[in-house]
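See structure below.
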Amino acid sequence: MALIGGVAFVATRPLGAAPSATGASFYPIGPSVEGLRIGESAPDFVASDRDRRPLLTDLDGKPIRLADFAGKPLWIVFWTTWCTPCQQEASHIRAAYHAHRADGLAVLAVDIQEPAAAVREYTVNHQLDYDIGLDPAAAVKDLYGAWGLPSHFFLDGSGVIRDRYFWEMTRELMEEHLRTIIGS
């Protein structure tokens with residue numbers, strides 16, 4: 001029985017780094033999956049290679065493609081407006097984005113399964129001025145293997161995943177992970 005409990009404990013741990021002692025949190029929104037691995041090329045935000053139908057749009061309904069960020073280090077974060085840890089880290093993400101825009105950093109916050117109007121209101125009220133994507137069917141979340149909120153993927157300018165983290169991040173932790181795509 002202890003073996004089953006131990007396996008269950010390990011199977012439910014985040015696939016990124018362990019949470020910090022600061023009370024960081026994470027909302028599982030599906031079964032724990034391995035997701036995309038460090039070193040893999042990130043997939044485009046389309047249904048399939050054959051069916052190039054966009055899965056991700058901006059707040060105005062325009063398609064967002066991975067190619068829109070070509071040549072830039074890209075930080076993708078999966079979130080929702082109701083997610084408390086997502087709310088707690090949003091101002092830190094904004095600060096990190098502002099601190100590294102001169103380095104070419106792009107941030108894409110992918111909201112999962114919420115209406116555009118609610119997401120727009122939240123982004124305006126919280127002054128989130130980085131790119132926001134809408135994933136109404138959670139298809140991009142599934143494509144990347146983001147099984148909880150918030151989930152972070154760090155891509156280099158060539159679209160290769162250089163780091164990932166499945167948990168709420170502190171500002172210091174953000175800087176540590178950003179170094180993998182923008183240097184010191």
Next on the checklist: Restricting to the range 102-151, give me the number of residues that are buried (at least 21 other Cβ atoms within 10 Å of the Cβ) and of a type in the set (Phe, Trp, Tyr).
Outcome noted: 2
Next on the checklist: Condition first: over 23 Å from Val33 (Cα atoms) and hydroxyl-bearing (Ser, Thr, Tyr). Now tell me which residues in the range 137-179 satisfy that.
Outcome noted: Ser158, Thr170
Next on the checklist: Out of everything in the range 143-168 that is more than 11 Å from the chain's Cα centre (by Cα) and among the aliphatic types (A, V, I, L, M), what residue ends up being modelled with the lowest pLDDT?
Outcome noted: Leu143
Checklist outcome for this item: Per the filter on the range 52-69, residues open to solvent by less than 60 Å² (accessible area, probe 1.4 Å) and without any contact (Cβ under 8 Å) to a residue 24 or more places away in the chain are Pro54
Checklist outcome for this item: Condition set closer than 21 Å to Ala102 by Cα and of a type in the set (Ser, Thr, Tyr), scope the range 158-184, selection most open to solvent (accessible area, probe 1.4 Å): answer is Ser184
Item to check | the range 151-176, residues that are within 17 Å of Ala95 (Cα to Cα) and either part of a loop (DSSP other than H, G, I, E, B) or free of Cβ contacts under 8 Å to residues at least 60 places away in the same chain (or both) | outcome: Glu168, Met169, Thr170, Glu172, Glu176
Item to check | Where Ala117 falls short, out of the listed (1) of a type in the set (Gly, Ala, Ser); (2) under 15 Å from Leu59 (Cα atoms); (3) in contact with a strand residue (DSSP E or B) (Cβ under 9 Å, 6 or more places away or on another chain) | outcome: (3)
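Got a number for residues in the range 25-42 being modelled with pLDDT of 95 or more, out of contact with any Lys or Arg (no Cβ under 7 Å at 6 or more places or on another chain), part of a loop (DSSP other than H, G, I, E, B) and surrounded by fewer than 16 Cβ atoms within 10 Å (Cβ to Cβ)?
The total comes to 2.
The values are calculated or read from the model by the stated rules, or taken from the named source; none is laboratory data. Because the structure is a prediction, the values reported are computed rather than measured. For neighbour counting, all protein chains shown are included, and Cβ atoms are generated from backbone atoms with ideal geometry for every residue, glycine included. Note: accessible area is taken over every heavy atom of the protein model, side chains too, but ligands, DNA and RNA are not part of it. Shrake-Rupley method; radii C 1.70, N 1.55, O 1.52, S 1.80 Å.
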